[in-house]
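Engineer: I am attaching a structure below and will ask some questions about it afterwards.
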Amino acid sequence: MRFDIITVFPELFSGVLDCGILRRARQSSLADIRIVNLRDFARDKHKSVDDRPYGGGEGMVFMPAPIFEAVEYCRGEKGIPECQVVLLTPQGTVWSQNLAAEFSTIPHLILICGRYEGVDQRVIDCLVDREVSIGDFVLTGGEIPAMVVLDSVVRLIPGALGCRESTINESFTTGLLDYPQYTRPAEFRGRVVPEVLLSGDHARIKKWRKEQALEKTKRARPELVTRKLAQN
Ligand code: ADE
C-alpha cells in the first residue's frame, strides 16, 4: 500500500517512520510511505505556501496551487487508479477503527496535513475525497493526525503485525474495550494476579475476560455497550 504525506514539516515524521511496526512494514515493502515537502511546490523565492484570507480575519490559509501541484506529483503520470486524497482537519469525519479498516483496503492514500487557519476551499472541493479529524479538539496542524491515521491503517495491512500481535481480540474490533492483562511476577508489591488467570482453565479464563471487558467498557465508555447491544 502506498502513502504520500504532504506537509510543511517533513522532519516531524522521521521518528515514527523509523521505529517498530511502521519501520518493519516499510522494510518489507508492505507500506511504501513517502513524505512530500509542500514547500517544494511553492512558486516564489521565499517558498510561500500560505497567504492572508480573502474577507479578512486571523491567520493564514494554504494557497491552492502548491497543494494541487503536490497532489498531481504524488498521483504520478500513470497514477494508481484507486487513490484517495484525505485532508486532516478538525472539520472532518471523526476517525475510528472502522474507518481505519476501510482505508487499509485502498491502494494509495494521499494525506494532506492542514495548518494555520485552514486550506483554500477549492482544494477541498476539487481534490479532497475525505476530510478526517482525529477528535473534537484542535491541534496546531495535521501532522500528528496524519501519523495517527498512518499508524492505525498500516497495522491493519495483512502481514504488518507479527504472529505475536493480532487485531482480532483488541478494543474496537470486538466492540468492547480490552480486558485487563497481567504478566510475571504473580505477586508484585502485595498485589496478586487474579487466580483464574493462573488456573489453566481456558473456558473460565475466556468467561472472566469477557466479563471484565464488559465491566471496563460500562465504566469508561457506556455508549459502546449500548451500541453493541443494539447491533446484537
Ligand atoms: N488539525 C488540527 N486539529 C486536528 C484534528 N483534531 N484532527 C485532524 N486534523 C487536525
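The values are calculated or read from the model by the stated rules, or taken from the named source; none is laboratory data. Note that the coordinates shown come from a computational prediction; the quantities given were computed from them, not determined experimentally. Quick reminder, even Gly has a Cβ in these numbers, built from the backbone with ideal geometry, and neighbours come from all protein chains shown. Side chains are part of the model used for accessible areas, which takes the heavy atoms of the whole protein and leaves out ligands, DNA and RNA. Shrake-Rupley method; radii C 1.70, N 1.55, O 1.52, S 1.80 Å.
Engineer: Could you pull out the residue among P81, P66, P145 that is in the same structural domain as P10 (by TED's automatic domain parsing) and farther than 17 Å from T7 by Cβ? Lay out the reasoning, then the answer.
Structural biologist: Working: P66 fails: farther than 17 Å from T7 by Cβ; P145 fails: farther than 17 Å from T7 by Cβ.
Checking each option against the conditions leaves just P81.
Engineer: Please name all residue pairs, on different chains or six or more residues apart, with Cβ atoms under 6 Å, provided the first residue is in region 128-157 and is touching a residue at least 24 places away in the same chain (Cβ under 8 Å) and the second residue is assigned to a helix (DSSP H, G or I) and open to solvent by 60 Å² or more (accessible area, probe 1.4 Å).
Structural biologist: E143/L12
Engineer: List the helices (runs of 4 or more DSSP H) that sit entirely inside region 126-224 and contain at least 2 residues that are more than 30 Å from E72 (Cα to Cα) and away from the ligand (no atom under 16 Å from the Cβ).
Structural biologist: Details: elements: 143-154, 195-198, 202-220.
Here the list reads 195-198, 202-220.
Engineer: Among the numbered criteria (1) open to solvent by 20 Å² or more (accessible area, probe 1.4 Å); (2) closer than 19 Å to V123 by Cβ, which single criterion is violated by D4?
Structural biologist: (1)
Engineer: Is one or more of the residues making up region 22-31 touching a Phe, Trp or Tyr at 6+ places or on another chain (Cβ under 7 Å) and either open to solvent by 10 Å² or more (accessible area, probe 1.4 Å) or among the charged types (D, E, K, R) (or both)? Outline the logic, then answer.
Structural biologist: Step one: of region 22-31, the residues touching a Phe, Trp or Tyr at 6+ places or on another chain (Cβ under 7 Å) are 31.
Next cut, either open to solvent by 10 Å² or more (accessible area, probe 1.4 Å) or among the charged types (D, E, K, R) (or both) only: none.
Within region 22-31 (the criterion being touching a Phe, Trp or Tyr at 6+ places or on another chain (Cβ under 7 Å) and either open to solvent by 10 Å² or more (accessible area, probe 1.4 Å) or among the charged types (D, E, K, R) (or both)), the answer is no, since none of the residues qualifies.
Engineer: Among the numbered criteria (1) touching a strand residue (DSSP E or B) at 6+ places or on another chain (Cβ under 9 Å); (2) open to solvent by 70 Å² or more (accessible area, probe 1.4 Å), which one does E187 miss?
Structural biologist: (1)
Engineer: I've got another one for you. Is it fair to say D136 is in the same structural domain as E11 (by TED's automatic domain parsing), among the acidic types (D, E), in contact with a Pro (Cβ under 8 Å, 6 or more places away or on another chain) and farther than 26 Å from T173 by Cα?
Structural biologist: no
Engineer: Now a separate question. Can you name every residue in region 100-147 that is more than 22 Å from V8 (Cα to Cα) and open to solvent by 20 Å² or more (accessible area, probe 1.4 Å)?
Structural biologist: A101, E102, S104, T105, I106, P107, D136
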